[in-house]
Amino acid sequence: MHWPNVRERAKSIKKGEEEQKDKQKDIMKQTLTIPETFLGVGYTKDRAGLPLEAVRVPVRQPAADQVLIRVAASSLNPLEYKLAELNFLGRTPPVVLGLDLSGIVAATGSAVRDVAVGDAVVAMADLNGDGGWGAGNGGEPSYALAKEFLTVPKPESLSFLSAAALPMCFLSAFAGLYGTVGVGDTVYIPGGGGGVGHLAVQMAARVLGAGQVISSGSTSQSMALARQSGAHYVFDYKHDDIAAEIAKLTSGRGADLVFDATYSERGFVETAKAVRRGGSWVVLGVGPGKTTRLVETQSPVDAILTERGVKHINVNILRYFSEPAILDDKAKAFLKRGMTLAMEWARQGLVVPHVGRTIDSTVEAINVGLLSLKSGSATLGKVAVIVDQDMAIDTR
Ligand SMILES: NC(=O)c1ccc[n+]([C@@H]2O[C@H](COP(=O)([O-])OP(=O)(O)OC[C@H]3O[C@@H](n4cnc5c(N)ncnc54)[C@H](OP(=O)(O)O)[C@@H]3O)[C@@H](O)[C@H]2O)c1
């Protein structure tokens, strides 16, 4: 066997670094030559649902407050199959999906100040616009536009893949917990193995100073992820009486705050019963009785909350885009702060996305991934999407 000596090892590291630099130079050159179109993955008919298709779309010029990103990586969110099924933002297809983005800035609008061409960035695409899933698995580059306030520099220590797992889920957890969790609070976050849930548990336990974080799951893996994320107690929501368990842990009072990001009508009723008198029940999305978006159903949740004097707080990232009036300067500053803290806390190892699976950006792989997300099976933490092999895997 030949053991490389120190000099040989140093030579091979140097060669690797030079190859890496050459690759980055190539990517930069390509970034500067922006093609007119790219092959994306999305829906081509109103409410077509899954499966998504490959669709050729123009690469758009950034408006004054927008950044054009050459995409390295993305991740899957339930929102994507819901948009394809319901088209509830009223878009005219074709619509390319892939709203979480990391990559390199390819062009900037005239008013953009905080990032420049060539910067490695992380962003959430405008939810009224197109995303960045390419159908060519890096064979040809793909591009997406993001507003400057939703675009932040990517820390060097964070890979494009991890970074792209953050925007939508992190902002959802941030909107639910930042400013609502008090130091020492007992917080119940159901579904601590989910995309939003595991980040929310980390945020409450490691950053916001919650005294006790309680979570739940239905599989040994998702319950383990909730524990790993910092939950002090994790229950099985299919078998345990969690409200009774929380009462035991809090001398009969109940949790100070529940953050429910599960979109489960049955779950809402259970988690509403776990809040203490005068506490807060924070729900992500449209809330009880409306989760299908198609029909409204009667929900007992408001009656349960009112009877206990619990504050019902609704957070909804999507609303910022469906109701532009609420996306004022204050809201923009809040979202920008969220994106900035996402990078900072990930860099410090405090709120770190768990990538349960990584898939290539192909029509087939994305359809399979979204179907499994929809069925609620086999999704642990986040599913990351490699949009450009060279950028997502080799470079940071
Ligand atoms: N409107 C918005 O701003 C917005 C933004 C982001 C997300 N969302 C919505 O929020 C939901 C969650 O998103 P996600 O990315 O976190 O999805 P996800 O990764 O599929 O996670 C769903 C989680 O919910 C848990 N769960 C399901 N039913 C439950 C119940 N009855 N009690 C406790 N936990 C339960 C699951 O636990 P097990 O796997 O252990 O069963 C899983 O951990 C989706 O519907 C998404 O569309 C809305």
Using the structure shown, decide if T250 is buried (at least 22 other Cβ atoms within 10 Å of the Cβ), among the polar types (S, T, N, Q) and touching a residue at least 40 places away in the same chain (Cβ under 8 Å). no
Conditions: (1) closer than 24 Å to K336 by Cβ; (2) within 17 Å of the chain's Cα centre (by Cα); (3) of a type outside the set (G, A, S). I189 meets all but one. Number of the miss? (1)
Within the bounds of region 201-213, is there any residue that is modelled with pLDDT of 95 or more, surrounded by 24 or more Cβ atoms within 10 Å (Cβ to Cβ) and either closer than 20 Å to V301 by Cβ or near the ligand (Cβ under 10 Å from one of its atoms) (or both)? no
Give the residues of region 148-163 that are under 20 Å from L68 (Cβ atoms) and either surrounded by fewer than 20 Cβ atoms within 10 Å (Cβ to Cβ) or in contact with a helix residue (DSSP H, G or I) (Cβ under 8 Å, 6 or more places away or on another chain) (or both), sorted by residue number. F149, L150, T151, V152, P153, K154, F160, A163
Is there a residue in region 264-282 that is assigned to a loop (DSSP other than H, G, I, E, B), farther than 30 Å from L89 by Cα and in contact (Cβ under 8 Å) with a residue 12 or more places away in the chain? yes
Residue that is farthest from the chain's Cα centre (by Cα) [pool: residues in region 87-98 that are surrounded by 23 or more Cβ atoms within 10 Å (Cβ to Cβ) and within 15 Å of the ligand (Cβ to nearest atom)]: L97
Members of region 283-295 that are within 16 Å of the ligand (Cβ to nearest atom) and either more than 22 Å from the chain's Cα centre (by Cα) or in a loop (DSSP other than H, G, I, E, B) (or both): G285, V286, G287, P288, G289, K290, T291, T292, R293, L294
In the set T340, T362, T358, which member is at pLDDT 95 or above, of a type in the set (S, T, N, Q) and under 23 Å from G179 (Cα atoms)? T340
All but one of (1) buried (at least 24 other Cβ atoms within 10 Å of the Cβ); (2) over 23 Å from R276 (Cα atoms); (3) among the β-branched types (V, I, T) hold for I189; which doesn't? (2)
Using beta carbons and a limit of 6 Å, which pairs, at least six apart or on different chains, have the first residue in region 367-388 and more than 9 Å from the ligand (Cβ to nearest atom) and the second one among the charged types (D, E, K, R)? I386/D360
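The values are calculated or read from the model by the stated rules, or taken from the named source; none is laboratory data. What you see is a predicted model, and the numbers here were worked out from it, not measured in a lab. Cβ: placed from backbone, ideal geometry, glycine included. Neighbour counts: every protein chain shown.
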